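The values are calculated or read from the model by the stated rules, or taken from the named source; none is laboratory data. Worth saying up front: this structure is predicted, and the values here are computed from it rather than measured. Here the Cβ is made from the backbone with ideal geometry for all residues, glycine too, and neighbour counts use every protein chain on show.
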Amino acid sequence: MDSWSRVLRREWFAYVALSLAVVVIVLPLFVAVVGSTHDSGTIGRGRMPLWFGQHAGENYVQAWTMGARYGGAGVQRLIVNSSIMAFTIAAGKVLLTVLTAYAVVFFRFPLRNFFFWTVMITVMLPLEVRMFQTYKLVSDFRLLNSFAGLTLPWIVSTTGTLLLRQHLRALSRDLLDAAKIDGAGPMRCLWSVVIPAIRPNIAALFVILFLYGWNQYLWPLLVTTRGDMETVAMGLVKMLGGPEAATEWGVVLASAVLTIIVPVCVVIFMQRYLVQAFAETEK
């Protein structure tokens, strides 16, 4: 107990800062959960109590099955579409990032640095600069209203390539030399030596890219026009698209709560690898 008191006195600022951060982050989520249990009239009048109401069942059932009556699809369809999109983007980006960084660091070929920095220049370009050219290509290949159109243009990550390149440059080449002496080829070295060494970094990158794909709004808005292809971001915005008096706030808040379950589960599942990645970065 005495040791805990000494730690508390010494680290009081850290505990205060963390407590404030928790309040700032959790309070809006708590209000959303509470609001999802009240009827729309109570919320619309601005008299919503900060405690749970009696309408949770009907709000969550309606949100899951059909969404708000004014606009938007059911959360079940939104979550499926966003999960497919986010997982495909994250997995594709991680795969191509690992292969690209591995080739740039451990292979010697003409104009290697030229090609690498040409790709890196795209990081400096705002997303909107490339958006309409990409849309033209997707339209010409008849990929509108499809998961291929939602995901294929975004499965290359120049930022991820730059990050993994730095980690691979710190990797000891003696491991690869030993594997080559044992007869391992390039792909065997990648699978048995390189990937195990940077697994936490790959997992952390996957989580970041999954959340990036999950939160996409502008691109799905451009390439999808059918209700069955709407993503979470699109669906939630459409639920708020009508007159304020017609907005079913209880259903909207229930939908918002349901849509954070998947990303939260992904972060919790990958938490161990995230901690390892940050710990290795500090070293």
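Is it the case that some residue within segment 52-63 is among the acidic types (Asp, Glu), in a loop (DSSP other than H, G, I, E, B) and in contact with a helix residue (DSSP H, G or I) (Cβ under 9 Å, 6 or more places away or on another chain)? Within segment 52-63 (the criterion being among the acidic types (Asp, Glu), in a loop (DSSP other than H, G, I, E, B) and in contact with a helix residue (DSSP H, G or I) (Cβ under 9 Å, 6 or more places away or on another chain)), the answer is no, since none of the residues qualifies.
If you filter segment 142-183 down to residues that are over 21 Å from residue 94 (Cβ atoms) and charged (D, E, K, R), you find that the one that is modelled with the highest pLDDT is 142. Would you check if there is a residue in segment 220-231 being exposed (fewer than 13 other Cβ atoms within 10 Å of the Cβ) and at pLDDT below 80? Checked segment 220-231: no residue is exposed (fewer than 13 other Cβ atoms within 10 Å of the Cβ) and at pLDDT below 80.
Look through segment 22-55, keep the residues that are among the small types (Gly, Ala, Ser) and closer than 23 Å to residue 259 by Cβ, and return whichever of them is surrounded by the most Cβ atoms within 10 Å (Cβ to Cβ).
Within segment 22-55, the first condition is being among the small types (Gly, Ala, Ser), and the residues that meet it are 32, 35-36, 40-41, 44, 46, 53.
With the extra rule that they be closer than 23 Å to residue 259 by Cβ, the set shrinks to 32, 35-36, 40, 44, 53.
Working: 32: 16, 35: 23, 36: 25, 40: 20, 44: 17, 53: 17.
Looking at the filtered set, the residue picked out is 36.
May I ask you to list the residues in segment 98-146 that are farther than 28 Å from residue 187 by Cα and among the charged types (D, E, K, R)? Once the filter is applied, which keeps residues that are farther than 28 Å from residue 187 by Cα and among the charged types (D, E, K, R), segment 98-146 yields 128, 130, 136, 140, 142. One residue stands out in segment 128-144 among those that are surrounded by 12 or more Cβ atoms within 10 Å (Cβ to Cβ) and of a type in the set (A, V, I, L, M): the one that is nearest to the chain's Cα centre (by Cα), namely 131.
Taking helices (runs of 4 or more DSSP H) as the structural unit, those lying wholly within segment 138-232 and holding at least 3 residues that are under 26 Å from residue 117 (Cα atoms) and out of contact with any strand residue (DSSP E or B) (no Cβ under 8 Å at 6 or more places or on another chain) correspond to 158-169, 186-189, 199-214. Close Cβ contacts (under 8 Å, 6 or more residues apart or on different chains) running from residues in segment 200-218 that are free of Cβ contacts under 8 Å to residues at least 60 places away in the same chain to residues that are assigned to a helix (DSSP H, G or I) and of a type outside the set (Lys, Arg) comprise 215/233; 217/233; 217/234; 217/237. Against the conditions (1) closer than 30 Å to residue 225 by Cβ; (2) surrounded by fewer than 16 Cβ atoms within 10 Å (Cβ to Cβ); (3) not hydroxyl-bearing (Ser, Thr, Tyr), residue 115 satisfies every one except (1).
When residue 110 is tested against (1) part of a helix (DSSP H, G or I); (2) within 30 Å of residue 198 (Cβ to Cβ); (3) free of Cβ contacts under 8 Å to residues at least 12 places away in the same chain, only condition (1) is not met. Scanning segment 56-73 for residues that are of a type outside the set (Asp, Glu) and surrounded by fewer than 19 Cβ atoms within 10 Å (Cβ to Cβ) turns up 56, 57, 61, 64, 65, 66, 69, 70, 71. Annotation: residue 241 fulfils all but one of (1) over 19 Å from the mean Cα position of the chain (by Cα); (2) exposed (fewer than 14 other Cβ atoms within 10 Å of the Cβ); (3) at pLDDT below 80; (4) in a helix (DSSP H, G or I); the unmet one is (4).
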